[in-house]
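The values are calculated or read from the model by the stated rules, or taken from the named source; none is laboratory data. The shown structure was predicted, so the numbers you read here are calculated from the model rather than taken from an experiment. Here the Cβ is made from the backbone with ideal geometry for all residues, glycine too, and neighbour counts use every protein chain on show.
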């Protein structure tokens, strides 16, 4: 755990070389947790330190409130996490979906920290336009279930869960994955999302669409950027990867075939290689 200034505890999982000159910081997406990165972590070389953490209100981190369930707060948390958990060395920021939005917002709110410490950013399935994972349409049946869950508290929650579990999992598979996902990846994603339902889903839904992406991209664009999206992503269009790359002094857009929104689970090897590509720029200049 990393204790933040306001008393919030962030659950942090470290791997790799603790004395490495480069640390990879992995920020997960909306209603998920650090486990969404487990396949990517396994693919990264041990010469890097790797930190995967749970945003506040997610996983094993401290709960969020209505006032703290914002991207500004997640961005401030990320900046403080870097200062406290990675006091030395250089950092590669990797953000999946909402985690990418937190990373770009951190760059805008903490430009000095970003410019001094960050090598570059990998945006994974991150929206560069006003669209987001919560503003786009859910499958109609699943959207109805979300509203139902957000109204369900106390003893009703268990009954609702038992009734709609199969429908929810099928809906998440359609919404978040390409055509041929691993069943264990679908199950893990359903478990993560279900753990955050209904409180976290309801709390963070308004926040995701409010980030000023254009202003934030100007700061992240001062450093190398790799933006990657799946060609079957129903939430983030392929064109958004190009927008990120075009806003960078050294940008690269990557579209992965036969993949949906959950690229850290669907295409971990490719994501790890792209992270290495950014980290390698620092190594070659050292």
Exercise. Which number in (1) out of contact with any strand residue (DSSP E or B) (no Cβ under 9 Å at 6 or more places or on another chain); (2) at pLDDT below 95; (3) surrounded by 18 or more Cβ atoms within 10 Å (Cβ to Cβ); (4) in a helix (DSSP H, G or I) marks the one condition that residue 69 misses?
Worked result: (4)
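I'd like the full set of residues that are over 12 Å from residue 54 (Cβ atoms) and in a strand (DSSP E or B), limited to segment 14-37. Can you show your working first?
Restricting attention to segment 14-37, the residues satisfying the condition of being over 12 Å from residue 54 (Cβ atoms) are 14-25, 30.
Result: 14, 15, 16, 22, 23, 24, 25.
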For this session: May I ask you to say which residue of 235, 263, 243 is under 22 Å from residue 40 (Cβ atoms) and at pLDDT below 95?
Result: 235
Seminar exercise, completed: All conditions in (1) in contact with a strand residue (DSSP E or B) (Cβ under 8 Å, 6 or more places away or on another chain); (2) in contact (Cβ under 8 Å) with a residue 40 or more places away in the chain; (3) part of a loop (DSSP other than H, G, I, E, B) are true of residue 52 except (3)
Exercise. Out of all the residues in segment 206-218, is one or more at pLDDT 90 or above, part of a loop (DSSP other than H, G, I, E, B) and within 23 Å of residue 34 (Cβ to Cβ)?
Worked result: no
Problem set entry | Output for segment 7-37, where each listed residue is touching a residue at least 40 places away in the same chain (Cβ under 8 Å) and out of contact with any strand residue (DSSP E or B) (no Cβ under 7 Å at 6 or more places or on another chain) | 7, 8, 30, 31, 32, 33, 35
Seminar exercise, completed: Over segment 119-145, the set of residues modelled with pLDDT of 95 or more and surrounded by fewer than 24 Cβ atoms within 10 Å (Cβ to Cβ) is 119
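Looking at segment 15-37, which of its residues are closer than 25 Å to residue 281 by Cα and in contact with a helix residue (DSSP H, G or I) (Cβ under 8 Å, 6 or more places away or on another chain)? Give the derivation first.
Taking segment 15-37 first, the residues closer than 25 Å to residue 281 by Cα are 15-28, 37.
Residues satisfying the conditions are 15, 21, 22, 24, 25, 26, 27, 28, 37.
Residues being in a helix (DSSP H, G or I) and out of contact with any strand residue (DSSP E or B) (no Cβ under 9 Å at 6 or more places or on another chain): count how many of those fall in segment 99-126. Break it down into steps so the answer makes sense when it comes.
Restricting attention to segment 99-126, the residues satisfying the condition of being in a helix (DSSP H, G or I) are 99-109, 111-117.
Adding the requirement that they be out of contact with any strand residue (DSSP E or B) (no Cβ under 9 Å at 6 or more places or on another chain) leaves 105, 108-109, 111-113, 115-116.
Residues that pass the stated criteria total 8.
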For this session: Identify the single condition in (1) surrounded by 19 or more Cβ atoms within 10 Å (Cβ to Cβ); (2) touching a helix residue (DSSP H, G or I) at 6+ places or on another chain (Cβ under 6 Å) that residue 113 does not satisfy, given that it satisfies every other one.
Result: (1)
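What are the residues in segment 243-270 that are surrounded by fewer than 24 Cβ atoms within 10 Å (Cβ to Cβ) and more than 25 Å from residue 219 (Cα to Cα), if any?
Passing the criteria: 256, 257, 258, 268, 269, 270.
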For this session: Would you check which residues across segment 72-110 are surrounded by 22 or more Cβ atoms within 10 Å (Cβ to Cβ) and at positive phi and list them?
Result: 97
For this session: Give the residues of segment 21-47 that are more than 21 Å from residue 267 (Cβ to Cβ) and surrounded by 19 or more Cβ atoms within 10 Å (Cβ to Cβ), sorted by residue number.
Result: 22, 23
